[in-house]
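Participant: Starting off with a structure, shown below.
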Amino acid sequence: MSLAAATAAAARATTTAAESHGFLSPTGVEIAFLLVGLVTFGAAIVTVTTKQLVHAALWLVMALGGLAVEYLLLTAEFIAWVQVLIYVGSVVVLLLFGLMLTKAPIGRSPDADSGNRWVALTVAVAAAAALVWVVVDAFRTTWVDLKGPAAGSTEVTGASLFQNWVLPFEALSVLLLAALVGAIVLSRKAKADATTPADAATPAGAQSRRSEKEGTR
Amino acid sequence: MNDALDVALRLLVVFVVFLTFPLIVGQTEHKVMAHMQGRLGPMYAGGFHGWAQLVADGVKFAQKEDIVPAGADRRIFQLAPAVALLPYLLVLLAIPIGPGEGAVGQVVDAGIFFVLAVMGVGVLGSLMAGWASANKFSLLGGLRTAAQLLAYELPMLLTAASVAMAAGTVSLPGIVAAFEWWWVPWQLVGAVVFFVAGLAELQRPPFDMPVADSEIIFGAYTEYTGLRFALFLLAEYAGIVVLCGLTTVLFLGGWHGPWGADGLGWVWTLLKAALLAFVVIWLRVTYPRLREDQLQKLSWTLLIPLSLAQIALTGIVKVVIS
């Protein structure tokens, strides 16, 4: 229930685990981590296999929430809350909004299956393999000091982000800004088209506009 | 063992607060609205000025038959009230009402993030209810809920970020501990934006588009009866308690009073929160409901620029004084 207490306990447990536990005598936190991982994995599988569209979105909530709990168990408290805030609170709401606005039947949708199922599976496995390989390769020789303050607390995360990783952070923010500006430009263009629909769409309209241009020239 | 007892006691206290404070706000709403409209409000239940009216309402709700429409998605329909209500219980855990470890359910390191993240989850309950009811009006209510949340989540986050910048911490007790009296004028715009955005997120009047009874019956909750409907109502009032508590903690200095923060600090917190709850009720009686387009316009063209300006102001003052 008290999640931060669980985090603190997890931090304590991992520090003591390094001292008193062997390789194959898991602590409670490790067991919990595995179980939550299984639930998350199961929810993710159901998300892509269920035939009910809105159920898929709700199972996605489960998978993303499970991931947040995993972050908590790894003492990355800040990341866990951001995960809930962004993914569960906003992305899924946006997803459900889109579904309800377009097509959200109650019950099964027979056409919810894609013919690309096997291609998608291949891409997913390849992406997972690449990610695991990158992480393992990057952190193989890194030693994490478990004695200090929990490495996932807001203070440590913030210091590391704005001392060591400022450039990627700024690059990402510029990327997001570009996406934002792009979205605004796209929506404004659509609006401009909507005000003069027949004129811009038909060849005749284009013709008349060209003659206008030539006339002004 | 002592630790377990301590945790159990804290949870129990938070749970009792969760069950009683919303009822107190609800009863106050009955009476305040009545007197503002020249009525008396409930007078008989329980004897003294109808204090037991909401208890009687609760008993009535519990006795009603629990109906699930034939075309509804049964499981999600039944799950939705719990999803709407539980986040507020979790948020209450993290709101400090006094200085020290004893006056908060659980100290959360990244308190602001925790509180705002979990509050956002509650809206999923309304979305689930709106979709699973198999009712056009409910679906419209769900859509409006989603649109409203997407518009008002951003100003809320931005103004909370402004306070966090001012205090230099994201922990709720840390923010109140760093509070000085001149923060009130400094963060005034942020406070108003936060409070208004919070009202919109709770779907309280004048932002009750998603449950506009004259247009779409009762929005996402149209098909609900009995205890599940009561749970949605409880979620709304628990939301008021949470919003007023949060605004108090973030912008009004929590337990800081004119005579210092010692001793009866928690009384100050409760007083300020109660005052804000009164304002919530007052607004409900005073203003008519906004239209959907007015609502979106208010957020995107007024609240978000204001909150960005507040962040800029906070940054400038922070740099100047440090």
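The values are calculated or read from the model by the stated rules, or taken from the named source; none is laboratory data. Note that the structure is predicted; figures quoted are calculated from it, not measured. Virtual Cβ from ideal backbone geometry, glycine too; neighbours counted across all protein chains shown.
Participant: Are any of the residues in region A:111-120 among the charged types (D, E, K, R) and buried (at least 19 other Cβ atoms within 10 Å of the Cβ)? Spell out how you get there, then give the answer.
Facilitator: Step one: of region A:111-120, the residues among the charged types (D, E, K, R) are A:111, A:113, A:117.
With the extra rule that they be buried (at least 19 other Cβ atoms within 10 Å of the Cβ), the set shrinks to none.
Among the residues of region A:111-120, not one is among the charged types (D, E, K, R) and buried (at least 19 other Cβ atoms within 10 Å of the Cβ), which makes the answer no.
Participant: Can you tell me which residue in region B:1-47 is surrounded by the fewest Cβ atoms within 10 Å (Cβ to Cβ), limited to those that are closer than 22 Å to B:PRO96 by Cβ, more than 14 Å from chain A (Cβ to nearest Cβ) and touching a residue at least 24 places away in the same chain (Cβ under 8 Å)?
Facilitator: B:VAL17
Participant: Same structure, new question: Hey, among B:GLY257, B:GLY245, B:GLY239, which residue is surrounded by 22 or more Cβ atoms within 10 Å (Cβ to Cβ) and over 24 Å from B:SER138 (Cα atoms)?
Facilitator: Details: B:GLY257 fails: surrounded by 22 or more Cβ atoms within 10 Å (Cβ to Cβ); B:GLY239 fails: over 24 Å from B:SER138 (Cα atoms).
Just one listed residue meets the conditions, B:GLY245.
Participant: Please state which one of B:GLY120, B:GLY98, B:GLY125 is more than 9 Å from chain A (Cβ to nearest Cβ), within 25 Å of B:ARG10 (Cα to Cα) and either within 15 Å of the chain's Cα centre (by Cα) or of a type in the set (Gly, Ala, Ser) (or both). Don't jump to the end; show me each part of the working.
Facilitator: On the way: B:GLY120 fails: more than 9 Å from chain A (Cβ to nearest Cβ); B:GLY125 fails: within 25 Å of B:ARG10 (Cα to Cα).
Only one candidate passes the filter, namely B:GLY98.
Participant: Here is a check on your reading of the model: is B:PHE114 under 28 Å from A:ILE106 (Cβ atoms) and among the aromatic types (Phe, Trp, Tyr)?
Facilitator: When the stated conditions are applied, B:PHE114 does not pass them.
Participant: Here are the criteria: (1) modelled with pLDDT under 85; (2) closer than 30 Å to B:LEU54 by Cα. Tell me which single one B:THR247 does not satisfy.
Facilitator: Going through the list (1) modelled with pLDDT under 85; (2) closer than 30 Å to B:LEU54 by Cα, B:THR247 breaks only (1).
Participant: Please state which one of B:ALA80, B:ALA84, B:ALA70 is of a type in the set (Gly, Ala, Ser), loosely packed, with under 12 Cβ neighbours inside 10 Å and more than 16 Å from B:ALA273 (Cβ to Cβ).
Facilitator: B:ALA70
Participant: Further, regarding this structure: Just wondering, is there one or more residues in region A:79-101 that are without any contact (Cβ under 8 Å) to a residue 60 or more places away in the chain and loosely packed, with under 12 Cβ neighbours inside 10 Å?
Facilitator: Checked region A:79-101: no residue is without any contact (Cβ under 8 Å) to a residue 60 or more places away in the chain and loosely packed, with under 12 Cβ neighbours inside 10 Å.
Participant: Restricting region B:250-300 to residues that are assigned to a loop (DSSP other than H, G, I, E, B) and of a type in the set (Gly, Ala, Ser), which is modelled with the lowest pLDDT?
Facilitator: B:ALA261
Participant: If you don't mind, there's one more thing I want to ask. Going by what's in this entry, would A:GLY66 be described as more than 12 Å from chain B (Cβ to nearest Cβ) and either surrounded by 19 or more Cβ atoms within 10 Å (Cβ to Cβ) or more than 21 Å from A:SER109 (Cβ to Cβ) (or both)?
Facilitator: Criteria met by A:GLY66.
Participant: Please return the ranges of helices (runs of 4 or more DSSP H) entirely within region A:40-146 where 2 or more residues are outside the structural domain of A:GLU30 (by TED's automatic domain parsing).
Facilitator: In region A:40-146, the matching helices (runs of 4 or more DSSP H) lie at A:117-139.
Participant: Okay, next question. Just a yes or no: is a residue in region B:64-80 more than 14 Å from chain A (Cβ to nearest Cβ) and in a helix (DSSP H, G or I)?
Facilitator: Checking region B:64-80: not a single residue is more than 14 Å from chain A (Cβ to nearest Cβ) and in a helix (DSSP H, G or I).
Participant: Something else about it: Conditions first: (1) buried (at least 22 other Cβ atoms within 10 Å of the Cβ); (2) more than 7 Å from chain A (Cβ to nearest Cβ); (3) free of Cβ contacts under 8 Å to residues at least 12 places away in the same chain. B:GLY130 passes all but one, so which condition is the exception?
Facilitator: (3)
Participant: Same structure again: Looking at region B:159-166, is at least one residue more than 20 Å from the chain's Cα centre (by Cα) and either within 14 Å of chain A (Cβ to nearest Cβ) or at positive phi (or both)?
Facilitator: Yes, some residue in region B:159-166 is more than 20 Å from the chain's Cα centre (by Cα) and either within 14 Å of chain A (Cβ to nearest Cβ) or at positive phi (or both).
Participant: So in region B:105-117, with the set limited to residues that are in a helix (DSSP H, G or I) and at the interface with chain A (Cβ under 7 Å from one of its Cβ atoms), which one is nearest to B:GLY239 (Cα to Cα)?
Facilitator: Filtering region B:105-117 for residues that are in a helix (DSSP H, G or I) and at the interface with chain A (Cβ under 7 Å from one of its Cβ atoms), the one nearest to B:GLY239 (Cα to Cα) comes out as B:LEU116.
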